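Every number in this text was worked out from the coordinates using simple rules, so none of it is lab data. Source: prediction; values computed, not measured. As a convention, Cβ positions derive from the backbone with ideal geometry for all residues, glycine included, and neighbour counts pool all protein chains shown.
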Amino acid sequence: MAPDRREFLAQSGKLLVLTSLASAAWEYVLAGTPEDAPGYRLDAHWWGMAIDIERCIGCGNCVRACKTENDVPLEAAYFRTWVERYRVPPIDPQHPQVEPNPEVDSPNGGYDGFPDKDPRGEGWKTFFVPKLCNHCAHSPCVQVCPIGATFESPDGVVLVDKKRCLGCRYCVQACPYGCRFIDPRTHTADKCTLCYHRITRGLTTACCEACPTGARLLVDLKNPNDPVHAFLKNNSIQVLKPNMATGAKVYYRGLDGAVR
Amino acid sequence: MDGRFRDYAHLLRMAALFGIGILAFLAARAMFVPGDFGVYGFYRAGAIEDNRERTPKFAGREACADCHDDIVAKRAGSAHERVGCEACHGALHAHAEDPAALTPERPEGASICQMCHRASASRPEWFPQVDAEEHSMGQACNACHDPHHPGFE
């Protein structure tokens, strides 16, 4: 007998409910349980970086190593890490109330080092500041992502889910350190991943590996034997933009007040 | 029943519409939200593994020591002891995996040395830096210095 309207509605209601339940269950099955790499526990690490300004010589090895390791586009303006040079003029004794304005430059992000002979004269204070993603514990970029395509992993690294990212650029705008960019090839957000594929295999990051003076050091704050604890205790430590309370985990020794 | 609640059929129709809408939403959500979303936080847990999927290009200095322990011994105690091998020789993970597959190039005369050691007012004063013309008349650095043990003690 042909189904009447009431029966038809009842059948399609049941079909809808069962299909949605089944597809939810199927998705769950397909996704599987996220497995840690064998031997690497997500809850055993809390990654950060320690940077010693007084040792940085502005050679640009870190910038070149990062671009090589992570296949970053070679054009300028795409940097996962870069080096800035600050040149602070001396206070003029004739006009001591005039506050000296630092000059900041970063030619091609420091990729070729700083090739000019630095024409600044005596009395100028000059230094280099390597910068990268600070892997903030209270990250503004994670907060603003509308779909959860960027996140802080349980071991403290802020990562991008390339499969989910829409390229809306909200995170690029939100980052106070300017460390995010849109990869021109995939049109998704990209940034320093703290060489996640290396640190989870017991290697150090490419930038720390390449640094000849030991100015950059990968640190694991959860490891009681890590040298970071002595580093934080024995030195004057700053993070970039502390007033923004981002929980930045890149710790600078010897960071001058002129650095923004 | 009380007279006020006698006409309730219209409410049932509204409730049915809401019910269908909610079910449709839940069905769509089940389809579009990945299964491992929300396991650790507001993100797809599989993305952590995705970020590990990249072959390293730098091997790290410990990998070099496995075969080149003679060079490691030469560098011990020198000013370059803590400089990584790949800082000068480039990314060599492929070479560490299969030495025949990739032969590292020897860095050219002065080009690689001057990246660090070219005199610049921005560099810290304790760091050894020279003007190539004054120091060596433009000669290659390794004419006098052994890059693996640059000092002359």
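Run through segment B:28-129 and list the chymotrypsin sites (Phe, Trp or Tyr not before Pro) located in a DSSP loop whose Cβ has at most 11 other Cβ atoms within 10 Å. Please list the in-between numbers first.
On the way: sites: B:F32, B:F37, B:Y40, B:F42, B:Y43, B:F58, B:W126; in loops: B:Y40, B:F42, B:Y43, B:F58, B:W126.
Those satisfying the criteria are B:W126.
Could you work out, residue by residue across A:204-212, how many beta carbons of other chains sit within 10 Å of that residue's beta carbon, and then give the average as an integer? Show your work: numbers first, answer last.
Details: counts 5, 1, 6, 1, 2, 10, 8, 4, 9.
Mean shielding by partner chains, rounded to a whole number: 5.
Roughly speaking, what is the stretch gain from B:F32 to B:V130, that is 0.36 nm per residue apart minus the C-alpha to C-alpha distance, in nm to one decimal?
29.1 nm
Sort A:S106, A:S12 so that the residue with the fewest other Cβ atoms within 10 Å of its own Cβ comes first and the one with the most comes last.
Fewest to most other Cβ atoms nearby, the residues stand as A:S12, A:S106.
So which of A:K125/A:K233; A:K117/A:K233; A:K163/B:K57; A:K117/A:K191 end up more than 29 Å apart by C-alpha? Don't jump to the answer; show the numbers that get you there.
Working: A:K125/A:K233 26 Å; A:K117/A:K233 37 Å; A:K163/B:K57 23 Å; A:K117/A:K191 31 Å.
As for pairs spanning more than 29 Å Cα to Cα, those are A:K117/A:K233; A:K117/A:K191.
Can you give the extra length, in nm with one decimal, that the chain gains between A:A10 and A:I237 once fully stretched, where that is 0.36 nm per residue apart less the Cα-Cα distance?
74.9 nm
Report the normalised scattering of segment A:170-258 as log10 I(q)/I(0) at q = 0.25 Å⁻¹, calculated by the Debye formula with identical scatterers on the alpha carbons.
So the normalised log intensities work out to -1.39.
Can you list the trypsin sites (Lys or Arg not before Pro) in segment B:1-86 that are in a DSSP coil and have 10 or fewer other beta carbons within 10 angstrom?
B:R6
Obtain the nm distance between the two label points defined at A:A174 and A:A77 by a simple spin-label model: each point lies 7 Å from its Cα along the Cα-to-C-beta direction.
Taking the two extended label points, one gets 2.3 nm.
Count neighbours as other Cβ atoms within 10 Å of each site's Cβ, and list the GluC sites (Glu not before Pro) in segment B:58-132 that are DSSP loop with at most 12 such neighbours. Working shown, then result.
Working: sites: B:E62, B:E81, B:E86, B:E97, B:E105, B:E108, B:E125; in loops: B:E81, B:E105, B:E108, B:E125.
For GluC sites (Glu not before Pro) across segment B:58-132 that sit outside H, G, I, E and B with at most 12 neighbouring Cβ atoms in 10 Å, the list reads B:E81, B:E105, B:E108, B:E125.
Take the Cα pairs of segment B:77-150, get the Kirkwood Rh, then feed it into Stokes-Einstein at 4 °C and 1.567 mPa s and tell me D in µm²/s.
In µm²/s, the coefficient rounds to 93.
Where does the charge balance sit around B:S122 when Lys and Arg score +1, Asp and Glu -1, over other residues with C-beta under 9 Å from its C-beta?
Here the count lands on +3.
Along the Cα→Cβ direction, 7 angstrom out, place labels at B:S111 and A:Q143. What is the inter-label distance in nm?
Result for the modelled spin labels: 4.7 nm.
Could you work out the helix-only [θ] at 222 nm for chain A, with each DSSP H run of four or more residues adding -39,500 (n - 2.57) and the total divided by the number of residues, to the nearest 500 deg cm²/dmol? Could the numbers behind the result be given before it?
Details: 7 runs with 63 residues, N = 260.
That calculation yields -7000 deg cm²/dmol at 222 nm.
Could you calculate the contour length gain from A:Y40 to A:A22, that is, 0.36 nm times the residue separation minus the distance between their Cα atoms, to one decimal place in nm?
3.1 nm
Suppose we keep just the alpha-carbon trace of segment B:1-62; what are its Rg and Dmax in angstrom?
Over segment B:1-62's Cα set, Rg and Dmax evaluate to 25.4, 88 Å.
Treating the angle as unsigned and between 0 and 90°, give the value, to the nearest 10°, between the Cα long axis of helix A:61-70 and the longest Cα principal axis of chain A.
10
Normalise the Debye intensity by I(0) for segment B:1-150, one equal point scatterer per Cα, no solvent, then take log10 at q = 0.12, 0.13 Å⁻¹ and round to two decimals.
Scattering profile of segment B:1-150, log10 relative to I(0): -0.77, -0.83.
On the principal axes of its Cα set, how long, how wide and how thick is segment B:44-111? Give whole Å, largest value first.
The Cα atoms of segment B:44-111 stretch 48, 26, 26 Å along their principal axes.
From zero up to wherever the largest Cα-Cα distance of the protein assembly as shown sits, split into 20 Å bins and tell me the percent of pairs in each.
22, 46, 20, 9, 3, 0
Give me the net charge for the shell around A:Q238: Cβ to Cβ below 14 angstrom, other residues only, Lys and Arg +1, Asp and Glu -1.
Charge balance near A:Q238 sits at +2.
For every helix of n ≥ 4 consecutive DSSP H residues, a contribution of -39,500 (n - 2.57) applies; sum these over chain B, divide by its total residues, and give [θ] at 222 nm rounded to the nearest 500 deg cm²/dmol.
Details: 8 runs with 65 residues, N = 153.
Value at 222 nm, helices only: -11500 deg cm²/dmol.
I'd like the per residue volume of the convex hull spanned by the Cα atoms of segment A:37-146, given in cubic angstrom.
196
Give me the net charge for the shell around A:R253: Cβ to Cβ below 10 angstrom, other residues only, Lys and Arg +1, Asp and Glu -1.
-1
Tell me whether segment A:83-149 comes out rounded, prolate or oblate; compute the Cα gyration tensor, take square roots of the eigenvalues as a ≥ b ≥ c, and use a/c under 1.5 as the rounded threshold.
Working: a/c = 4.25, a/b = 1.87, b/c = 2.27.
It comes out oblate by the Cα gyration axes.
When averaged across all projection directions, what area in nm² does the alpha-carbon convex hull of segment A:93-189 cover?
Projected area, direction-averaged: 9.7 nm².
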